[in-house]
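Heads up, the thing below is written out as structure tokens.
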Amino acid sequence: MKFSYNWLREYVDGLDISPAKLETLITMKTAECEGIEEVGAYLGEACAARVEAVEPIANSHNVKARVETGPSGAKTVVCGAPNCRVGVVTVYVPLGRKVIQGIESDGMLASGAELGINRDDSAIIEIQNQASLDRCKPDSVIEIDNKSINHRPDLWGHFGMAREVAAISRQNLRDPVKLDLLPAGPAPVKIEIADFDLCPRFSAIVFENVKIAPSPLWLQYRLSAIGLNPINNIVDLTNSIMAELAQPMHAYDRDKLTGSTIFVRAAKAGERMMALNDEEYTLKPSNLVIADAAGPIGIAGVIGGQGTAISDQTTNVVFESANFHAASVRRTSMAIKLRTDASMRFEKAQDPVNTVRGLARVVELMREVSPGARLVGGLGDQKRDLPALPQVELSVDWVARKLGRAVGVAEIRDILESLGFGVRENGPKALVVTIPSWRATKDISLKDDLVEEVGRMVGYDSIVPQAPAVLDTVPPQDDSRAFHREARAMFTAQGFTEVHNYSFVSDDLARKFGFDPDDHVRVANPIASDQNLLRMSLVPEIYGNITENRKHFERFRLFEIGREIHKRPHGLPLEVTHLVASIYSKEEGSADLFELKRAAECLMPGAEACPTAARAYEHPARSAEILWRGERVGRIFELHPNLVDGRAALLDLDLDLVQKLRPRVKTYTPLRRYPSSQFDLSVIAGIRELAADLRTKVKDFAGDLLESIEYLRQYSGPPLQENTKSVSFRLTVGSPERTLSSDEVGAIRARIIEGMRGLGYELRV
Amino acid sequence: MIQDDIRTLEADACARIGAAATLEQLEAIRVEALGRKGVLAQISKEMGKLAPEERAQAGKLLNAAKQLLEEAFERRKREFDESRLAARLDAEWLDLTLPAPGPRPGSLHPITQIQMEIEDLFVSLGFMVLDGPEVETEYHNFDALNIPRDHPARDAQDTFWLTDGNLLRTHTSPVQVRGMERFRPPLRMIAPGRVFRNESVDASHEHTFYQIEGMMIDHDVSVAHLLYFMKTLLREVFRRDVSLRLRPGFFPFVEPGFELDVQCFICGGAGCPVCKQSGWVEQLGCGLVNPNVLRTSGIDPEQWSGFAFGLGLTRLVMMRYGVEDIRLLQSGDLRFLRQF
């Protein structure tokens, strides 16, 4: 939203703060300014000038013109405009002397666009006389971030912002509205509102003998300065009042209306309307329309219809100034994908009091923009009872408690009154504050809202930072956060670099990793068609990381800790934190899988890999589940060689489960007082028998006195038979009560050998 | 004469000890001279035949010879040991300029790092660190935060809706609500996490980014307390003194609401391109918790008040390291990530 400094100044008597300073003050006390644009720079020295003589210049479309400027005397200028002819009164700008096509040109004749008055750059501007320029002065336009006034319906017009400026600068505010201008008597147009919730108020007045013409220059300039396009006197008038009072207005050609009643009603299903923007809209009953007897003439609060629009031939005009339900306008505007200056204002919840204020301004300004026009009949004004102004109790202590600094009762009162609030004292240090209608629609209803009004005006920079009292309890901390940190530290220490991947995957990627896209939680409005599912596994994107990084590195390690999202029949999806780590190497081999297994064991001491049926994307002979403390906590595998050149080992752990299984407390066992004994055994087994299985068997035969069993090595080759291997273990046996005799140790050893032989295993001893 | 035999043996053995080329030869010589069946033992045996006074004299001579030879052997053996050790050590020469095998430490994602710093800071100030779901209900993400349906504030947070009617959280603020539901005041909490906005991605816009949310509820929490924590937070994050300013900002879940600016570090407030000539850089949104939000979560706003703030971690990382393209953060590109 753009605000003209000159325009604001019309409502604030004696405003002497520079635009730059004002911008900072508005930012600090009201809303965020995004910068200042200087407009109409030429208007500072411009003056009216009459073209007295024109001479052609050889081989040029330019002419040499002699103009009379009045106070500055006669000037000679080179001009290229098609309308530079004797007798034209235009605008002269003294720019300094310059030789053009051999002719000394002293200044220039300006177009409307060059002056900033309108967008016409096809000709020099034609004016009546010097007085036409009276209200056209260089201006500073302050741009306010729309987001920062979402909650302030009143700040979508200059008068509302002027109220802020007056409060900030401690100057008086001048209200431009003269309600006594509103006509009395029967209204010439009947208004029928079907639902007062959707349209709390609809006001209208009618003019006859209107002449459609360009607006006066000051009005064109004012609209151009804030980025609106001047069109004609009637449209410009409605736009200007919208930019002044934040009250959107609309003008209909009365002669194009069917019947003499304006209806405000829900659209009928399938009803169509050609709008002012040359688009045809098909409407639904959820859209509120303005209609005449023949059909819709406007989509309420959004846009008018083409069929009843003002044209050059219009002479009878109906001015609409209405109030619509904010959410309804917003829903319609979103549904038909059209945001207009009107809908943007209505969706902030405009003040129903304002409709007739806008019409009073129409009456006043019509005298200037269409001098011969006459009011027809009285004001049409359908409304439900306006709500009583709300009152809020506010104590001085509450303000101090919230702001962390004291503000005196007189100062609070002064601030609130300057912003238009009514203030009544209600005992010592207590106030009853009446909320003005333009702040009551949505913005202010709580005493805390008033704390903000006081706080911003006394200035937040007047509040001194203050440490609160120290707590007498230690806040509980989340175990999983500490555990995730530990996991991160462990994996980075082992050479893994952390990546973050998106939570989105595509149907194709999901399928590639064996998931059914329909099992995923789906995004209804994805940013791209390949980001429409929420990931059920971190693996697919880690795979993407591998294929990208292998372009730059021969080997690397990376990991991610992130969430899998799983659909559930009811409530929110299940979010499970997983850790996926990968080691990639261009070289052949299996070492990386064991590196990864080692890393997993660092996190989960004693974790075991348990070979399992491979998934489609896993190497069919290199895939295992990870078991820890009796639970399947994840998988370790190599990516299927068809998926990647080189070798990529992957570990996928359910971190939430791992965390749950972690022992809460560490236990201590006293050191053994008697020495243990050790001996080695080698079991000869089939080449694909699992070392872990052999270990379990040996362990089972060893009995209670076994302290530990450690895998040493495996061997295959001569003198062993083909397809066999020898797996060696080192066993430590002992007792907490005594030293075992060599006979006892020998007996354990013999029992194992005998037991294993009983199972069909030879032992190398 | 036995004395002559001893002298001859002594001279002969000494010469051979000196001439021994290997430890094995030396050992052979030792056995021959000093062994149980060696020459010296033979002589000793023969001494029995001598007259007593001769025997005493010869015994002395024999012991002296034995001692002399033992010493000579020891000396020679030491020489061998020393040269053998020297040879072994020399053979064990290593080129220590070779690189050490094994992986180097990887690195944590820069967002994780800055998140940990801020968590640690707030934990030291008595805050809990809470977590919430990334898929949220409309209630927790909007309604309970005083952002009803059809409120224009929803525009500012383009939302990813899910087909089940839930949404991807657009901010970490719903964790405030979950924190208030779970714990009763007094309450000090922060909630870092991943958030989502339906925005097209370019060098400065991402649909996935990280925030940290903070909230404190107690009796009489004021703007002055908020200022204290914000100043502490930003001083620690930027590791320098900071000048702050609060100005009005609109967030439906706080009242009053603020935008918090930090004086530009580049120009010191004079105005430069980084701060768009304003001298200030917008840093975070904050405010006092809106009484409606407290009430919705069953906390009496007459008894309790609180502040809340939301800080963009992604933006902080970009500022700290001068990262020019936001997309790098979730690219998984190790050329980028290994630098942190």
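The values are calculated or read from the model by the stated rules, or taken from the named source; none is laboratory data. These figures come from a predicted structure and were not determined experimentally. Backbone-built Cβ (ideal geometry, glycine too); neighbour counts: all protein chains shown. SASA here: full protein model, heavy atoms, side chains in, ligands and nucleic acids out. Shrake-Rupley method; radii C 1.70, N 1.55, O 1.52, S 1.80 Å.
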Inset, instruction - Those residues that are in contact (Cβ under 8 Å) with a residue 24 or more places away in the chain, away from chain B (no Cβ under 14 Å) and not small (Gly, Ala, Ser), I need them from the range A:405-429; list them, please. - result: A:Glu411, A:Ile412, A:Leu416, A:Phe421, A:Asn426, A:Lys429
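Taking only the range A:196-219 into account, find how many residues are at negative phi and either open to solvent by 20 Å² or more (accessible area, probe 1.4 Å) or in a loop (DSSP other than H, G, I, E, B) (or both).
The number of residues fulfilling the criteria is 15.
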Inset, instruction - Answer yes if at least one residue in the range B:193-211 is open to solvent by less than 10 Å² (accessible area, probe 1.4 Å) and aromatic (Phe, Trp, Tyr), and no otherwise. - result: yes
Legend entry - Among the candidates A:Gly571, A:Gly562, residue that is within 10 Å of chain B (Cβ to nearest Cβ) and within 24 Å of B:Ile326 (Cβ to Cβ): A:Gly562
Legend entry - Flag for B:Gly279 being touching an Asp or Glu at 6+ places or on another chain (Cβ under 7 Å), open to solvent by less than 20 Å² (accessible area, probe 1.4 Å) and within 13 Å of another protein chain (Cβ to nearest Cβ): no
Inset, instruction - Test A:Leu603 against the criterion of being within 21 Å of A:Ala482 (Cβ to Cβ) and under 44 Å from the mean Cα position of the chain (by Cα), and give yes or no. - result: yes
Legend entry - Flag if A:Tyr715 is among the hydroxyl-bearing types (Ser, Thr, Tyr) and under 60 Å from the mean Cα position of the chain (by Cα): no
Inset, instruction - Kindly indicate which of B:Leu62, B:Leu125 is at pLDDT below 95, open to solvent by less than 60 Å² (accessible area, probe 1.4 Å) and assigned by TED's automatic domain parsing to the domain that holds B:Leu311. - result: B:Leu125
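Taking the residues in the range A:150-195 that are acidic (Asp, Glu) and over 24 Å from A:Leu8 (Cα atoms) as candidates, determine which candidate is least open to solvent (accessible area, probe 1.4 Å). Break it down stepwise before answering.
Applying the first criterion (acidic (Asp, Glu)) to the range A:150-195 yields A:154, A:164, A:175, A:180, A:192, A:195.
Those left that are additionally over 24 Å from A:Leu8 (Cα atoms): A:192, A:195.
Values: A:Glu192: 80, A:Asp195: 64 Å².
So, considering only residues that are acidic (Asp, Glu) and over 24 Å from A:Leu8 (Cα atoms), the one least open to solvent (accessible area, probe 1.4 Å) is A:Asp195.
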Inset, instruction - Please state which one of B:Leu337, B:Leu294 is open to solvent by less than 40 Å² (accessible area, probe 1.4 Å), within 12 Å of chain A (Cβ to nearest Cβ) and closer than 18 Å to B:Ile114 by Cβ. - result: B:Leu337
Legend entry - Considering residues of the range B:194-204 that are touching a residue at least 12 places away in the same chain (Cβ under 8 Å) and within 11 Å of another protein chain (Cβ to nearest Cβ) only, the residue nearest to B:Ile114 (Cα to Cα): B:Arg194
Inset, instruction - Identify all residues within the range A:463-512 that are among the hydroxyl-bearing types (Ser, Thr, Tyr) and in contact with an Asp or Glu (Cβ under 8 Å, 6 or more places away or on another chain); write none if there are none. - result: A:Ser480, A:Thr492, A:Tyr502, A:Ser503, A:Ser506
Legend entry - Breaking point among (1) farther than 22 Å from A:Ser240 by Cβ; (2) among the basic types (Lys, Arg); (3) open to solvent by less than 60 Å² (accessible area, probe 1.4 Å), for A:Arg384: (3)
Legend entry - Residues that are touching a Gly at 6+ places or on another chain (Cβ under 6 Å) and aromatic (Phe, Trp, Tyr), drawn from the range A:278-328: A:Phe324
Inset, instruction - Inspect all residues belonging to the range A:323-337 and state whether any of them is within 23 Å of A:Ile234 (Cα to Cα) and among the aliphatic types (A, V, I, L, M). - result: no
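Helices (runs of 4 or more DSSP H) wholly in the range B:109-223 with at least 1 residues that are closer than 18 Å to A:Asn501 by Cα - which ones?
Those helices (runs of 4 or more DSSP H) span B:110-124.
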Inset, instruction - Please indicate, with yes or no, whether at least one residue in the range A:407-422 is more than 24 Å from A:Ser148 (Cα to Cα) and assigned to a loop (DSSP other than H, G, I, E, B). - result: yes
Legend entry - Looking only at the range A:296-336, and only at residues there that are away from chain B (no Cβ under 14 Å) and among the hydroxyl-bearing types (Ser, Thr, Tyr), the one that is surrounded by the fewest Cβ atoms within 10 Å (Cβ to Cβ): A:Ser311
Legend entry - Test: residue in the range A:728-738 that is acidic (Asp, Glu) and in contact (Cβ under 8 Å) with a residue 60 or more places away in the chain: yes
Legend entry - Selection status of B:Thr112, within 10 Å of chain A (Cβ to nearest Cβ), among the polar types (S, T, N, Q) and in contact (Cβ under 8 Å) with a residue 24 or more places away in the chain: no
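Strands (runs of 3 or more DSSP E) wholly in the range A:592-699 with at least 2 residues that are farther than 20 Å from A:Thr732 by Cβ and in contact with a Cys (Cβ under 7 Å, 6 or more places away or on another chain) - which ones?
Strands (runs of 3 or more DSSP E) meeting the threshold: A:618-628.
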Inset, instruction - Quick one: count up the residues across the range A:337-347 that are of a type in the set (Ser, Thr, Tyr) and surrounded by 22 or more Cβ atoms within 10 Å (Cβ to Cβ). - result: 1
Inset, instruction - Would you mind finding the one in B:Val262, B:Val221 that is open to solvent by less than 10 Å² (accessible area, probe 1.4 Å) and within 23 Å of B:Met189 (Cβ to Cβ)? - result: B:Val221
Legend entry - Tally, over the range A:252-306, of residues that are among the hydrophobic types (A, V, I, L, M, F, W, C), closer than 28 Å to A:Ile212 by Cα and in a strand (DSSP E or B): 12
Inset, instruction - Residue by residue through the range A:146-172, note down the ones that are outside any helix (DSSP H, G or I) and either on the phi > 0 side of the Ramachandran plot or at the interface with another protein chain (Cβ under 10 Å from one of its Cβ atoms) (or both). - result: A:Asn150, A:His151, A:Arg152, A:Arg170
Legend entry - Some residue of the range B:178-187 being within 10 Å of another protein chain (Cβ to nearest Cβ) and either more than 32 Å from the chain's Cα centre (by Cα) or within 21 Å of B:Gly312 (Cα to Cα) (or both): yes
Inset, instruction - Kindly check whether there is at least one residue in the range A:4-24 that is part of a loop (DSSP other than H, G, I, E, B), at positive phi and crowded, with 16+ Cβ neighbours inside 10 Å. - result: no
Inset, instruction - List the helices (runs of 4 or more DSSP H) that sit entirely inside the range A:430-529 and contain at least 2 residues that are within 11 Å of another protein chain (Cβ to nearest Cβ), under 29 Å from B:Arg245 (Cα atoms) and open to solvent by less than 20 Å² (accessible area, probe 1.4 Å). - result: A:447-458
Legend entry - Flag if B:Leu23 is under 14 Å from B:Gln3 (Cα atoms), among the aliphatic types (A, V, I, L, M) and open to solvent by 30 Å² or more (accessible area, probe 1.4 Å): no
Inset, instruction - Scan the range B:300-325 for residues that are more than 12 Å from chain A (Cβ to nearest Cβ) and open to solvent by less than 60 Å² (accessible area, probe 1.4 Å) and jot them down. - result: B:Ala308, B:Phe309, B:Gly310, B:Leu311, B:Gly312, B:Leu316, B:Met318, B:Gly322, B:Val323, B:Asp325
